[in-house]
Amino acid sequence: MSGVQADTWAVLGGGILGQALALRLQEAGKRVTLIEAAPELGGLAMAQQVGGITYDKFYHVILPFDKRTLALLDDIGLGDDVEWRSTRTGFFSDGRLMPLNGAFDYLRLRSIGLVTKLRVAYLLMAAGRIRDGAPLEQISVQEWLTRWCGQAGFDRLWRPLLRAKLGDNASRASAAFIWSSIRRLYLARQGVQKVEQLGFVKNGGYARILNALRDTLIARGIEVQTNTPVSRVFGSAAGVCVETPSGRQVFQNVVSTLPTKANLAVCEGLDAEEKNRLDGVVYQGIICASVVLNRPLAGYYLTYLTDEALPFTGIVEMSALTGTDAFDGKTLVYLPRYVTQDDPYWALSDEGIALQFVDALRKVHPDVASTDVLDIKVSRVREVMAVPTIGYRENAPQSVTSVPGLYFVNSAQIIDGTLNVDATLGVLDEAMEKLELGRTTTEARPAA
Ligand SMILES: Cc1cc2nc3c(=O)[nH]c(=O)nc-3n(C[C@H](O)[C@H](O)[C@H](O)COP(=O)(O)OP(=O)(O)OC[C@H]3O[C@@H](n4cnc5c(N)ncnc54)[C@H](O)[C@@H]3O)c2cc1C
């Protein structure tokens, strides 16, 4: 073999997954180069500036059972900087904003009848105890929820909530999606107090995590290339070639953490089945407004919305978790709209979206004046989460490709659609067993 140094690994994509993967490969004794298109590492976990606040572009919390995330924080020296707090939840339905923090609040909800409430409560209890969601991957989420909660329960409660996360893709998703969300909620309430405990890294949130990660990567000798979009990846006799505006680099192995559609666009030499798998992934996108206010809302970290006329699909009052002192006394709110690829909101300007969203926020919180809004910023990402369609496990992209030395490891390999850092790191754990860490040539693999 010539032209490539032994045991060189490139990791494409410098989101949390790419960075964690680079650290794992370095621990395994590999020479690692991390290649990221953006000027900064971080991807979806990146921070932004809005209204004089620097904080996560998209809201992030840590749950007590996010063991892989907590282990990563320990590794980069932030293990003791996670603060845990109980939060309150709101529920907006039929023009009324109500608390939803336990059985009493739940029973007081007017928009759902008593029988439906009991059926929903039973489902939440039973689903939280299901450990293996694999059989649910074969049933549509609509069919499963209707079976448990009846048509009224589905129409009044679940349909708006599902639409909130999946838009029109809700009709294509499997029951594993809602099961995994319920289970996450169930586990979050498993503590002694039976209240949801959410965590965040003090003094900066994910911006601090990303700074510490970057320092760790550099300290451990990982080469970090930012501002370096990958345009072509292909196998050659010398190794796996990666083309960027800076030229061609050759590595013995390349692991791409890019979204699936980017892999399809840049990776050459894949076989037809691999291309079909990449092409078949249905991505959910997000359009999210970060709003800075000079006054708090209702103090609910999360408000569920069942009014489908609202242009966003939930309200996340981050400062209800962190305290407004984290933001110089200001309130930071996120208004996410999860969207399909053909959602009409993609065509709207940021200004148009900002106006609509603030207007709608005042429908939920009529006491908010437009002068209370200090700043608003709209962010959009098309490929955020792979929709867990029915039978997704059998069709999801695989880690090992037919191009020797080229691997795919990304969040599209989360089978049940719960996009979070811990699940993403779970994909990494599984992939580490498949990467041929002992492989030292670029020859084709023997047939299985
Ligand atoms: C609204 C929202 C809320 C969330 N809330 C939470 C939460 O509360 N808790 C939680 O744990 N998780 C949460 N998450 C999920 C979390 O952000 C993701 O799990 C995690 O950031 C995914 O990291 P990743 O590295 O897999 O992907 P990404 O962050 O998407 O990284 C991919 C990287 O590849 C780069 N790239 C793309 N194309 C190229 C190219 N051609 N060349 C080079 N680089 C390229 C991108 O710039 C990007 O940096 C949330 C996500 C969103 C969107």
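The values are calculated or read from the model by the stated rules, or taken from the named source; none is laboratory data. Model, not experiment: these values are computed from the prediction. As a convention, Cβ positions derive from the backbone with ideal geometry for all residues, glycine included, and neighbour counts pool all protein chains shown.
Structure summary
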quantity	calculated
Some residue of the stretch 138-161 being closer than 30 Å to Y55 by Cβ and in contact (Cβ under 8 Å) with a residue 12 or more places away in the chain	yes
Residue within the stretch 356-368 that is among the aliphatic types (A, V, I, L, M), modelled with pLDDT of 95 or more and under 22 Å from the mean Cα position of the chain (by Cα) present	no
Among (1) closer than 22 Å to S86 by Cα; (2) more than 16 Å from the ligand (Cβ to nearest atom), the one test that A309 misses	(1)
Qualifying residue in the stretch 326-345 (condition: more than 17 Å from the chain's Cα centre (by Cα), under 26 Å from R110 (Cα atoms) and surrounded by fewer than 21 Cβ atoms within 10 Å (Cβ to Cβ))	no
Cβ pairs under 7 Å, 6+ apart, first in the stretch 416-434 and within 10 Å of M385 (Cα to Cα), second part of a helix (DSSP H, G or I) and hydroxyl-bearing (S, T, Y)	G417/S180; T418/S180; T418/S181; L419/S411
Residue within the stretch 223-237 that is among the aliphatic types (A, V, I, L, M), closer than 21 Å to V387 by Cβ and not assigned by TED's automatic domain parsing to the domain that holds K377 present	no
Evaluation of E317 against (1) surrounded by fewer than 23 Cβ atoms within 10 Å (Cβ to Cβ); (2) under 20 Å from the mean Cα position of the chain (by Cα); (3) free of Cβ contacts under 8 Å to residues at least 24 places away in the same chain (one fails), failing number	(1)
Residue tally, condition touching a residue at least 24 places away in the same chain (Cβ under 8 Å), closer than 29 Å to L97 by Cα and of a type in the set (G, A, S), over the stretch 364-396	1
Residue in the stretch 228-236 that is in contact with a His (Cβ under 8 Å, 6 or more places away or on another chain) and either in contact (Cβ under 8 Å) with a residue 40 or more places away in the chain or β-branched (V, I, T) (or both) present	no
Output for the stretch 226-245, where each listed residue is among the polar types (S, T, N, Q), within 12 Å of the ligand (Cβ to nearest atom) and either in a loop (DSSP other than H, G, I, E, B) or surrounded by fewer than 17 Cβ atoms within 10 Å (Cβ to Cβ) (or both)	T226, N227, T228, S231
Selection count where residues are over 25 Å from the mean Cα position of the chain (by Cα) and either surrounded by fewer than 14 Cβ atoms within 10 Å (Cβ to Cβ) or not hydrophobic (A, V, I, L, M, F, W, C) (or both), scope the stretch 140-155	7
Residue list for the stretch 375-391, restricted to those being within 13 Å of the chain's Cα centre (by Cα) and among the β-branched types (V, I, T)	V381, V384, V387
Sole exception among (1) in contact with a His (Cβ under 9 Å, 6 or more places away or on another chain); (2) more than 10 Å from the ligand (Cβ to nearest atom) for D80, by number	(1)
Candidate set: the stretch 243-265, residues that are hydrophobic (A, V, I, L, M, F, W, C) and closer than 18 Å to V400 by Cβ; chosen: the one nearest to the chain's Cα centre (by Cα)	L258
R208 closer than 24 Å to F65 by Cβ, touching a Leu at 6+ places or on another chain (Cβ under 7 Å) and among the charged types (D, E, K, R)	yes
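Per-residue answers, yes or no, for (1) within 16 Å of the ligand (Cβ to nearest atom); (2) assigned by TED's automatic domain parsing to the domain that holds S236; (3) among the charged types (D, E, K, R); (4) more than 27 Å from V120 (Cα to Cα):
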| position | (1), (2), (3), (4) |
| --- | --- |
| A20 | yes, yes, no, yes |
| A28 | no, yes, no, yes |
| F58 | yes, no, no, yes |
| I62 | yes, no, no, no |
| F91 | no, no, no, no |
| R108 | no, no, yes, no |
